[in-house]
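The block underneath contains the structure these notes are about, expressed in structure tokens.
Rule-based calculations on the coordinates, nothing more; no lab input. As the structure is a computational prediction, the values presented were derived from the model and not from experiment. As a convention, Cβ positions derive from the backbone with ideal geometry for all residues, glycine included, and neighbour counts pool all protein chains shown.
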Ligand SMILES: [Fe+2]
């Protein structure tokens with residue numbers, strides 16, 4: 001009953017907020033419509049044309065050499081190295097550019113919580129585990145992540161990969177078969193998914209450095225493909241404010257991951273809430 005109540009409140013809040021949504025440019029409207037339709041939109045930093053992009057890229061490329069210095073080749077599982085960069089204006093400010101917030105608010109349909117930013121390096125692995133397994137994110141009803149590739153990403157670097165919504169809609173039996181397995185196992189491997197939805201239907205997202213992926217990682221079944229070479233990315237994360245599961249959004253600003261030792265930036269840290 002409380003689930004039903006919560007769903008009704010959510011729908012009513014979205015209905016009430018519909019007249020308060022920011023006005024979009026034609027370019028922004030195309031992005032929002034695509035995410036609504038397909039759960040994903042892929043563009044690049046040049047086309048987005050945001051003024052804070054050069055500063056954000058400078059900061060990212062000056063931090064990346066300090067990541068991934070351990071010899072990873074022999075370990076059975078190489079989890080990613082992640083820096084929380086939410087406190088650093090060079091990163092945080094890119095994610096709160098007005099154009100980005102307008103897109104996200106129109107997609108989510110409610111006031112937005114901007115949880116923060118991870119700078120991330122993913123390494124070669126031979127077996128699927130954690131986010132290499134197919135899964136859906138569960139922080140909220142709509143979870144919008146912006147992923148920026150910081151190096152050219154080909155098959156060998158393990159691109160973001162997803163299953164088009166048409167194959168996993170709630171009206172299809174496959175949705176429940178997949179959800180049942182994810183619930184039991186936390187995520188499913190390629191072989192298991194291939195038995196339900198053939199690999200030929202999966203969509204890989206390779207792209208040059210500067211590729212920007214807007215994805216609702218709640219709605220689309222997704223994972224990072226197994227890779228033989230490392231991949232560097234930025235993840236910006238947004239939900240409605242408040243999200244359904246705020247405790248799952250904390251790792252963008254708490255101490256679950258280290259922060260970089262980046263003195264010039266750290267000196268300009270300003271105190272902000274994580275919500276906008
Ligand atoms: Fe995910």
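Quick one: what do you get for the stretch 153-269 if you divide its Cα Rg by 2.2 N^0.38 Å?
1.28
Could you state the number of Å between the C-alpha centres of the stretch 123-175 and the stretch 185-202?
12 Å
Taking the inverse of the average 1/r across all pairs of different Cα atoms in the stretch 22-140, what Kirkwood radius in Å do you get?
Details: mean 1/r = 0.0595 Å⁻¹.
Final number for the Kirkwood radius of the stretch 22-140 is 16.8 Å.
By average Cβ neighbour count within 10 Å, what is the ranking of 83-90, 10-17 from highest down?
On the way: 83-90: 22.2, 10-17: 13.0.
Listed from highest to lowest mean packing, they are 83-90, 10-17.
For the chain, compute Rh as the Kirkwood radius over C-alpha pairs and then the Stokes-Einstein diffusion coefficient at 4 °C and 1.567 mPa s; write the answer in µm²/s, rounded to an integer.
66 µm²/s
Between the stretch 205-260 and the stretch 30-106, what is the C-alpha centre distance in whole Å?
Going from one Cα centre to the other spans 8 Å.
Can you put 26, 181 in order, fewest other beta carbons within 10 Å first? List each step's numbers first, then the result.
Working: 26 6, 181 18.
By the 10 Å Cβ count, ascending: 26, 181.
If the viscosity is 1.306 mPa s and the temperature 10 °C, what translational diffusion coefficient in µm²/s does Stokes-Einstein give for the stretch 70-170 when Rh comes from Kirkwood over Cα pairs? Don't jump to the answer; show the numbers that get you there.
On the way: Rh = 16.3 Å.
D = 97 µm²/s.
Taking a virtual spin label 7 Å from the Cα of residue 6 along the C-beta vector, which residues in the stretch 119-147 bring their backbone nitrogen under 20 Å of it?
The answer is 136-144, whose backbone nitrogens lie closer than 20 Å to the label point.
I want to check the label-to-label distance for residue 201 and residue 254. Put each point 7 Å from Cα in the C-beta direction and report it in nm to one decimal.
A separation of 3.7 nm, rounded to one decimal place.
Sort the stretch 37-76 into rounded, prolate or oblate with this rule: let a ≥ b ≥ c be the square roots of the eigenvalues of the Cα gyration tensor; rounded if a/c is under 1.5, and if a/c is not under 1.5, prolate when a/b is larger than b/c, oblate otherwise.
Here the stretch 37-76 falls in the oblate category.
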